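Please read the structure below before turning to the comments.
Please treat every number below as a calculation from the coordinates, not as lab data. This one's a predicted model, so the numbers in the text were calculated from it and none came from an experiment. With ideal geometry, Cβ positions are generated from the backbone for all residues, glycine too; neighbour counts draw on all protein chains shown.
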Amino acid sequence: MTIDLRRADGDRPLLPAALAAVQGVLFVVLAIMVVTTWQPLMDLDQTVAERAYDVTHGRPWLIDLLDITAVVTSNWTVGVVLAIAAGLLWWRSERLLAIWVVVSAVGVLGGNALIKLVVTRERPVWDLPLHEIGGYSFPSGHSAGAGLFFTVLALLSIVLTGRGLRRRLLLVLWIVLALLVAADRVFLGVHYLSDVTAGLCFGGLVPLVLWRVIVSGSGRAPAETAVLTGSGRRRAAVVINPVKVGDVADFKAKVSQVGALHGWDEPQWFETTIEDPGHGQTRAALDADVDLVIAAGGDGTVRAVCEEATRSGVAVGVLPLGTGNLLARNLDIPVNTRDALDVVFGGQDRAIDLASFSTDGGTDTSFLVMAGLGMDAMIMTGVNEDLKKRVGYLAYFVSGLKAVTFPRTKVEITLDDEEPLHFRARTVVIGNVGFLQGGIPLLPDAQIDDGLLDVVVVAPKRFIGWLSIVARVVMRRKANDARLTRLCAQRVHVRAEKPVPMQLDGDPVGEGQEITAQIHPGVVLVRVPATLAPAE
């Protein structure tokens, strides 16, 4: 997993500084109030402590749970885990991150102990203590450790993940867990509210400040020449499918803003239509002598743009706005629009293969991802569009359950100039890439730039045979058997005994008996994440 320290800067670089300032001010104010025994705060602390004590007292199961939490989240545990994390970062040559983790841990855990000796606040006193503990109360050591630990996890989550739901969920999780650790101390009756609040502030403040001092601004960047494309004049055109965009004006503003951040001029815009999914628009963009054509839409829009940009020498940037987005996923292009824009404007060019595709019904086109006939095409045909809008690619799973009984069909497969192979298959998939939605490795050896097409023949006799196939796919077992066979060639011809459904990059293309696919190596340039400079 790539550790891109530049992600922590984000679009709002002042936010971490503002958060640190708020934590610092709140900590100082609370410390002054506690030292001067400001009565309103003392009264609030006592009221909260008594109410928390009333909740816990008389509930042995709750006390046991709080005790276990106290042990698990102790500073010893935090210190050991952070030491292991620092060791792993050092081993991965992420020296600055490792130093930051160690210095932050020492600063928080050691500094918190010293502050306690200066403030010397006594812990809450109860006739029947729920938990026996010594030492001073302000600030809470457990809370400071939680603030430290979960701030470290938050910043590491930011630099290890792209923007989007997963990152937001992780950040919310770390905040909630930190608050639960702090609440544990109050409900155990060993700290006041101001103790745990100050502890969280101090524990979060130190790593944020040290990030700014040690890490910020040190993110590795790709070589300038690696991210140049076209003539270097930084002129772009966007071929957009407006159906895939909620607010077109807002989308255009976002693209223009990120492009400007990367030094690109205001892009030209071309909208697709029902009659033309992107071919004519891409030709117009190429005629305008741009350096980059951006395909903003689903796999169909991306395919149309790439078909027209073939052998043009002009790179294609992919903004995945569809449900499948298989090309983007197989090229490690983020599906989050903001992160994808960074790749489009700041990535590097990669030459990928394109496959021509023809059928006995007269279809003559191409594909970038996968084509096939049989059950997989039936799945694409049977997807409920309303469900697809609500749950995304999970709608394909629902359709797959309905199509699992698709009957086996006799097929003849010819690879290059070899003798035909015969199967009774439920589905035949020809792939230029290897992974389906959710990272399922249907064709684990497939590479989009290896000059080969990979083929998988799925042919279970009965329903129970699907269990073996699923296990083989998930475990990436490569041996062929009667249920699942993998092949590869530059040219693939498939002939079925009768007309069956066919699909192209996830789009149904009717029924037919024959398909022919031919690989064309390295004819399309696509923008992919740039390779960062080696860690020093």
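At Ile274 and Thr120, where each label point lies 7 Å from the Cα along Cα→Cβ, what is the point-to-point distance in nanometres?
Distance between label points: 8.3 nm.
Over region 225-346, what is the relative contact order in whole percent, taking alpha-carbon pairs under 8 Å and six or more residues apart? Present the calculation step by step, with values, prior to reporting the outcome.
Numbers: 210 pairs, mean separation 34.8, N = 122.
In percent, rounded to a whole number, it is 28.
If each DSSP helix of 4+ residues adds -39,500 (n - 2.57) and the sum is divided by the residues in the chain, what number results at 222 nm, nearest 500 deg cm²/dmol? Could you put the intermediate results ahead of the total?
Working: 17 runs with 241 residues, N = 536.
Taken over the chain, the calculation gives -14500 deg cm²/dmol.
Would you mind counting up the charge near Arg51? Only other residues with Cβ under 15 Å from its Cβ, with Lys and Arg at +1 and Asp and Glu at -1.
Numbers: positive: Arg59, Arg185; negative: Asp43, Asp45, Glu50, Asp54.
Residues close to Arg51 contribute a combined charge of -2.
Can you grab the distance from the C-alpha centre of region 332-360 to the C-alpha centre of region 1-50, Å, no decimals?
Spelled out, the Cα-based centre of one part sits 43 Å from the other.
What number results when the radius of gyration of region 5-215, computed over Cα atoms, is divided by 2.2 N^0.38 Å? Intermediate values should be presented prior to the final figure.
Values: Rg = 17.6 Å, N = 211, 2.2 N^0.38 = 16.8 Å.
Taking N as the residue count of region 5-215, the ratio is 1.05.
Once you keep just the Cα pairs under 8 angstrom separated by 6 or more residues, what percentage relative contact order results for the chain? It would help to have the intermediate numbers written out before the result.
Details: 1017 pairs, mean separation 74.0, N = 536.
With pairs under 8 Å counted, the relative contact order is 14 percent.
Looking at the chain, how many pairs of lysines come closer than 24 Å at the Cα, when each pair is eight or more places apart or spans two chains?
16
Rounded, prolate or oblate: which one fits region 68-133, using the alpha carbon gyration tensor with axes a ≥ b ≥ c (rounded when a/c is under 1.5, else prolate when a/b beats b/c, else oblate)?
Values: a/c = 6.58, a/b = 2.04, b/c = 3.23.
It comes out oblate by the Cα gyration axes.
Quick one: net charge of Asp67's neighbours, Cβ under 11 Å, K/R +1, D/E -1? Let's see the in-between values first.
Details: positive: none; negative: Asp64, Glu132, Asp184.
Result for the local shell: -3.
Counting Lys +1, Arg +1, Asp -1, Glu -1, what net charge surrounds Leu453 among other residues with beta carbon under 13 Å of its beta carbon? Mind dumping the intermediate values first?
Working: positive: Arg486, Arg491; negative: Asp353, Asp416, Asp445, Asp449, Asp450, Asp454.
In short, -4.
Rounded, prolate or oblate: pick one for region 112-159, where a ≥ b ≥ c are the square roots of the eigenvalues of its C-alpha gyration tensor, a/c under 1.5 means rounded, and failing that, prolate if a/b is larger than b/c, else oblate.
Details: a/c = 4.71, a/b = 2.03, b/c = 2.32.
The shape class here is oblate.
Stokes-Einstein D for the chain at 4 °C, 1.567 mPa s, Kirkwood Rh over Cα pairs, in µm²/s?
Details: Rh = 26.9 Å.
D, rounded to a whole number, is 48 µm²/s.
From Cα pairs below 8 angstrom and at least 6 apart in sequence, can you work out the relative contact order of region 410-536, rounded to a whole percent? Mind showing how you got there, number by number?
Numbers: 211 pairs, mean separation 30.8, N = 127.
Across region 410-536, relative contact order equals 24 percent.
Where a ≥ b ≥ c are the square roots of the eigenvalues of the C-alpha gyration tensor, would you call region 225-346 rounded, which needs a/c under 1.5, or, failing that, prolate if a/b is larger than b/c, or oblate? Let's see the in-between values first.
Details: a/c = 1.27, a/b = 1.11, b/c = 1.14.
Rounded shape, in that the Cα axes give a/c under 1.5.
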